[in-house]
Amino acid sequence: MSEKQLSASPDQQPVADRIDTTRPHSARFWNYFVGGKDHYEVDREIGDQIKTFFPGMVDVAVAGRQFLGRSVRHLVRERGVRQFLDIGTGLPTADNTHQVAQSLEPEARIVYVDNDPLVLTHARALLTSTPEGATDYIDADLYQPEVILAEAAKTLDFERPVALMLLGILGHAEDFALAREVVGRLMDGLPAGSHLVVYDGTRTSEGMIAAEKAYIESGAVPYYVREPDEIAGLFDGLRLVDPGFVRLSEWHPDADSATVSADVDAFGGIGYKEETGR
């Protein structure tokens, strides 16, 4: 599951009119699993249903949030990254990208991208910044790469490396080949030294496959789990940072990692752009 829905043409209605509480929504569903408060009964119902036959889904949600923190800390401390473009950020909770990055480097600059109305409502109130850095958000979706890059350039310096964050979002792409093309166009717009950070739920257990089916049948925007090798293709043309594209429990584990199953059905990694073109 994901913290964001994808759509080929984002709705331009007023934000409040775009919030639908009659069917589950990925951002709210994920917020429920990570212990947040921004969800409705319909989200809790499908969440509880899935937990009855696949409790490992909670591990996927928690492990994804932990991966966000570990990957951002690694990029700031070990790779010298000071700029982040986070697409599909989901509902703000604790330890968002800007909070983790700016706690280590107050001058860090972060741009969030989402087209979910509830996310945008919360972003205006919660996605603040240190005085030395900057935090902004863009109302757009993944399938508008040129719009995203143009708007992000108002806050980020594209002469310096940027980390493109796609965390738990690409499962919403029914046409994965198109999503891969769009990710490539985004990376093409970023300078050498930039990084691609990806994690997603994976088709690595019967429980996860059953959870995918139940979630789609609930009426929510579909989320498709895929084989790890397919998702790993997003890093073609990039140099993978050690330990590569692996289960989230294996990516630079720390004390928090021990709180989720070692066999969590989610993989992630970071790729490094060495040259101007991919």
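Since every read-out is calculated from the coordinates, none of them should be taken as a lab result. Bear in mind that the values here come from a model prediction, so they are computed numbers and not experimental data. In this analysis, Cβ positions are derived from the backbone assuming ideal geometry, glycine residues included, and neighbour counts consider all displayed protein chains.
When residues in segment 242-260 are screened for being within 20 Å of the chain's Cα centre (by Cα) and of a type in the set (Ser, Thr, Tyr), 2 of them pass. Looking only at segment 213-229, residues that are out of contact with any helix residue (DSSP H, G or I) (no Cβ under 7 Å at 6 or more places or on another chain) and either under 16 Å from Asp265 (Cα atoms) or touching a residue at least 60 places away in the same chain (Cβ under 8 Å) (or both) come to 5 in all.
Might you let me know whether segment 183-203 holds any residue that is among the charged types (D, E, K, R) and over 30 Å from Thr52 (Cα atoms)? Scanning segment 183-203 turns up at least one residue that is among the charged types (D, E, K, R) and over 30 Å from Thr52 (Cα atoms).
Let me confirm something: among Glu230, Glu206, which residue is under 15 Å from Gly56 (Cβ atoms), out of contact with any Pro (no Cβ under 6 Å at 6 or more places or on another chain) and charged (D, E, K, R)?
Being under 15 Å from Gly56 (Cβ atoms), out of contact with any Pro (no Cβ under 6 Å at 6 or more places or on another chain) and charged (D, E, K, R) holds for just one of Glu230, Glu206, which is Glu206.
For segment 70-116, give me each residue that is among the basic types (Lys, Arg) and under 23 Å from Tyr143 (Cβ atoms). Of everything in segment 70-116, nothing turns out to be among the basic types (Lys, Arg) and under 23 Å from Tyr143 (Cβ atoms). What about Glu212, is it within 30 Å of Gln49 (Cβ to Cβ) and not basic (Lys, Arg)? Against the criterion (within 30 Å of Gln49 (Cβ to Cβ) and not basic (Lys, Arg)), Glu212 qualifies. Residues in segment 37-79 that are in contact (Cβ under 8 Å) with a residue 60 or more places away in the chain, over 21 Å from the mean Cα position of the chain (by Cα) and part of a loop (DSSP other than H, G, I, E, B): Phe54 only. State which residue is nearest to the chain's Cα centre (by Cα) when the search covers only segment 186-222 and only residues that are among the polar types (S, T, N, Q) and in a loop (DSSP other than H, G, I, E, B). Filtering segment 186-222 for residues that are among the polar types (S, T, N, Q) and in a loop (DSSP other than H, G, I, E, B), the one nearest to the chain's Cα centre (by Cα) comes out as Ser194.
Okay, residues lined up against (1) more than 27 Å from Arg79 (Cα to Cα); (2) buried (at least 16 other Cβ atoms within 10 Å of the Cβ):
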site: Phe158; (1), (2): no, no
site: Gly168; (1), (2): no, yes
site: His172; (1), (2): yes, yes
site: Phe176; (1), (2): yes, yes
site: Arg180; (1), (2): no, yes
site: Thr204; (1), (2): yes, yes
site: Glu217; (1), (2): yes, no
site: Ile231; (1), (2): no, yes
site: Leu238; (1), (2): no, yes
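Based on what the data block shows, is Asp59 closer than 22 Å to Leu156 by Cα and of a type in the set (Asp, Glu)? Spelling it out, it is not the case that Asp59 is closer than 22 Å to Leu156 by Cα and of a type in the set (Asp, Glu).
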